[in-house]
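The values are calculated or read from the model by the stated rules, or taken from the named source; none is laboratory data. The structure displayed is predicted, hence computed values, not measured ones. No Cβ is skipped: glycine too gets one built from the backbone with ideal geometry, and neighbour counts run over all protein chains shown. Side chains included, ligands, DNA and RNA excluded: accessible areas come from the protein's heavy atoms. Shrake-Rupley method; radii C 1.70, N 1.55, O 1.52, S 1.80 Å.
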Amino acid sequence: MIAVIGDIIKSKSIPDRHKTQQDLLDVLQHINQRHQDLLASKFTITLGDEFQGLFKCSDRLLHILDEISFALRPINIRFGIGVGTLTTEFDPSRSMGADGPAYWKAREAIEYVHRNNDYGRANIHLSVEEPDDSVNLINQILKLTALQVSGWRDSQINVYKVILEEEIVDPEEINHQRIAEKLDILTSSLTRRFESSGIKRYMSACREVELALERINKRYA
């Protein structure tokens, strides 16, 4: 199983914390409905600002985490991903009560992000039950992609939000004309945003991480 724990960064300093918590609940309910085929246990808020979920596989995992993050911007979210076994049964309707190395490693991962956030740019980390040579490489890629996203302008972020809404995971499937129409801009302007942001390279890197993560996950099947 792949467990994910997320929380809101510096939540206590947010002016309208209650509204932010309600927004988080709304986003997670949307994710649970939209991606129910990929979730072993639905995302559930476990504390006021913390939530967790359980994935069957790594397919679209980073895409889904981006859906959560970008829907809540400018609020910042961090994630810990844990791969391993469970020692208890799990409830498909909510991620509460289950336990085991998958969740322990997700907790370990999010605590790592809390201590090592790369000057506020790193927001995601992976930890696995059994040692694997690819884990360090995956985490380095996650740091680099987080650094890349931290430099995106609002206009570039808006492009990626449309990609998330359209559930496009393969950059080769991007329809420039359709996205330009949704953003009400010229296709030439959209092309410049793609070139300056590296969105397509970002998507390719995320996809490679998901594939590598699935190879690790299959060891626990």
Which of the residues that make up the stretch 100-117 are open to solvent by 60 Å² or more (accessible area, probe 1.4 Å) and assigned to a loop (DSSP other than H, G, I, E, B)?
Asn116, Asn117
Sort out which residues of the stretch 139-174 are open to solvent by less than 70 Å² (accessible area, probe 1.4 Å), in a loop (DSSP other than H, G, I, E, B) and not acidic (Asp, Glu), and write them in order of number.
Gly151, Trp152, Ile168, Val169, Ile174
Looking only at the stretch 194-221, which residues are more than 14 Å from Ile141 (Cβ to Cβ) and either among the hydroxyl-bearing types (Ser, Thr, Tyr) or open to solvent by 50 Å² or more (accessible area, probe 1.4 Å) (or both)?
Glu195, Ser196, Ser197, Lys200, Arg215, Lys218, Arg219, Tyr220, Ala221
Of (1) among the aromatic types (Phe, Trp, Tyr); (2) over 14 Å from the mean Cα position of the chain (by Cα); (3) open to solvent by less than 70 Å² (accessible area, probe 1.4 Å), Phe90 satisfies all except one. Which?
(3)
Which residues, counting only those in the stretch 45-58, are under 24 Å from Thr85 (Cβ atoms) and crowded, with 19+ Cβ neighbours inside 10 Å?
Phe51, Gln52, Gly53, Leu54, Phe55, Ser58
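Quick grid of which residues meet (1) in contact with a strand residue (DSSP E or B) (Cβ under 9 Å, 6 or more places away or on another chain); (2) polar (S, T, N, Q):
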residue	(1), (2)
Ile5	yes, no
Ile64	yes, no
Phe70	no, no
Ser95	yes, yes
Tally the residues that are buried (at least 20 other Cβ atoms within 10 Å of the Cβ) and either part of a helix (DSSP H, G or I) or of a type in the set (Asp, Glu) (or both), restricting the search to the stretch 123-137.
0
Single residue of Asp66, Asp59, Asp26 found to be touching a Phe, Trp or Tyr at 6+ places or on another chain (Cβ under 9 Å) and of a type in the set (D, E, K, R)
Asp66
When both residues are 6+ apart or on different chains and their Cβ atoms are under 7 Å apart, which pairs have a first residue that lies in the stretch 178-191 and is at pLDDT 95 or above, and a second that is in a loop (DSSP other than H, G, I, E, B)?
Ala180/Leu186
Only residues that are touching a residue at least 24 places away in the same chain (Cβ under 8 Å) and either in a helix (DSSP H, G or I) or in contact with an Asp or Glu (Cβ under 6 Å, 6 or more places away or on another chain) (or both): list them for the stretch 81-99, please.
Gly84
Subset of the stretch 13-37 [aliphatic (A, V, I, L, M) and either open to solvent by 10 Å² or more (accessible area, probe 1.4 Å) or touching a His at 6+ places or on another chain (Cβ under 7 Å) (or both)]:
Ile14, Leu25, Val27
Name every residue in the stretch 168-221 that is closer than 18 Å to Ser155 by Cα and among the aliphatic types (A, V, I, L, M), in order of residue number.
Ile174, Ile179, Ala180, Leu183, Ile185, Leu186, Leu190, Ile199, Met203
Identify the residue in the stretch 182-193 that is in a helix (DSSP H, G or I) and touching a Ser or Thr at 6+ places or on another chain (Cβ under 9 Å) and, among all such residues, is surrounded by the most Cβ atoms within 10 Å (Cβ to Cβ).
Arg193
Take the conditions over 28 Å from Lys218 (Cβ atoms), out of contact with any strand residue (DSSP E or B) (no Cβ under 9 Å at 6 or more places or on another chain) and part of a helix (DSSP H, G or I) and apply them to Gln177. Does it pass?
yes
